[in-house]
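Enquirer: Before anything else, here's the structure in question.
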Amino acid sequence: MIPFLRPGDPPGAFPPVEQALDEPDGLLCAGGDLSPARLIEAYRRGIFPWYSEGQPILWWSPDPRAVLFPEEFRISRSLAKTLRNRGYQTRVDSAFAEVVAGCADADLRPEGTWISPDMQSAYLEMHRLGHAHSVETWRVGRLVGGLYGVALGKVFFGESMFSIERDASKVALARLVEESTARGIELIDCQLASSHLESLGARCIPRARFSALLSAAIPHDGTHRAWD
């Protein structure tokens, strides 16, 4: 039985991540809310929300954890060709709501989407407060892909990406890596492993190491914003 958080519980009322279940991998607790304070505290501890509409909020901290160190990002020959020849442009934070909506579009996700209206509202508020950001891929003035996530300290916590033209999400990731290098981001959290992410240089590390990296990279004095 996992712990259940009440909406009125303090933002930091998460159990230690070491108490997360092995099956399903990383399930830590349920309940609570999606307030900015709770989300920030969750990310700071390496916890993220992931649940389907109609379920209680479920909080996760899987072991191992998929991450991308910016210096390990791999640009394949085909992606390099895309970057040169397809006429894509990239922007940052010019269409956050549209990127979130694209990531939530069921037509683009035959496997289903967990980005419910409540989740969309929560991350829109995080964006308004300066904690959540989007990287977008445009072609001929049309949004064709992108990603969004949360930046705290020297970490960018990737949440989701979408693409409606070839390699558009990979192009957004390439721009995120550039932004990360320029802004001192040392770690991009990818949450769960996939062959797609592994092909771009992501790898899995033990949760204990991930927690240690977060502790070193995110200030504990309340100065969380990394994207200024």
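Enquirer: State to the nearest 20 debye the size of the charge dipole of region 66-130 about its Cα centre, where the only charges are +1 on K and R beta carbons and -1 on D and E beta carbons.
Expert: Using Cβ point charges on Lys, Arg, Asp and Glu, region 66-130 gives about 540 debye.
Enquirer: Relative to 2.2 N^0.38 Å, what does the C-alpha radius of gyration of region 20-138 come to as a ratio? Two decimals please.
Expert: Taking the Cα Rg and dividing by 2.2 N^0.38 Å, one obtains 1.23.
Enquirer: Now, a different point. When you have a sec, figure out the Kirkwood radius of the chain from all distinct Cα pair distances and drop it here in Å to one decimal?
Expert: Mean inverse Cα-Cα distance, inverted, gives 17.9 Å.
Enquirer: Taking R0 as 41 Å, what FRET efficiency do you get between ARG209 and VAL140 from their Cβ-Cβ distance, rounded to the nearest 0.05?
Expert: 0.40
Enquirer: Let me ask something else about it. Any idea what the alpha-carbon Rg over 2.2 N^0.38 Å comes to for region 169-220?
Expert: 1.23
Enquirer: Specify whether the C-alpha gyration tensor of region 150-190 places it in the rounded, prolate or oblate class, a ≥ b ≥ c being the square roots of the eigenvalues: rounded for a/c under 1.5, otherwise prolate if a/b is larger than b/c and oblate if not.
Expert: oblate
Enquirer: Follow-up. Once the convex hull of the alpha carbons of region 109-216 is built, what does its volume come to per residue, in cubic angstrom?
Expert: Cα-based convex hull of region 109-216, divided per residue, equals 133 Å³.
Enquirer: Once R0 is set to 35 Å, what does the formula 1/(1 + (r/R0)^6) return for the Cβ-Cβ distance between SER121 and ALA216, expressed as a FRET efficiency to the nearest 0.05?
Expert: It comes to 0.65.
Enquirer: Under unit Cβ charges (Lys, Arg +1; Asp, Glu -1), what dipole magnitude, rounded to 20 debye, does the chain have relative to its Cα centre?
Expert: Approximately 840 debye in magnitude.
Enquirer: Continuing with this model, one more query. With angles folded into 0 to 90 degrees, how steeply does helix 207-217 sit against the dominant principal axis of the chain? Use alpha carbons for both and round to 10.
Expert: Helix 207-217 sits roughly 80 degrees off the main axis of the chain.
Enquirer: How far is it, in nm, from the label point at ASP22 to the one at LEU192 when both lie 7 Å from their Cα along the line to the Cβ?
Expert: Inter-label distance under the simple model: 2.0 nm.
Values quoted throughout were computed directly from the atomic coordinates according to the rules given, and no laboratory measurement underlies them. Please read these numbers as outputs of a predicted model, since none were measured by experiment. Methodologically, a virtual Cβ is constructed for each residue, glycine included, from the backbone with ideal geometry; neighbour enumeration extends over all protein chains shown.
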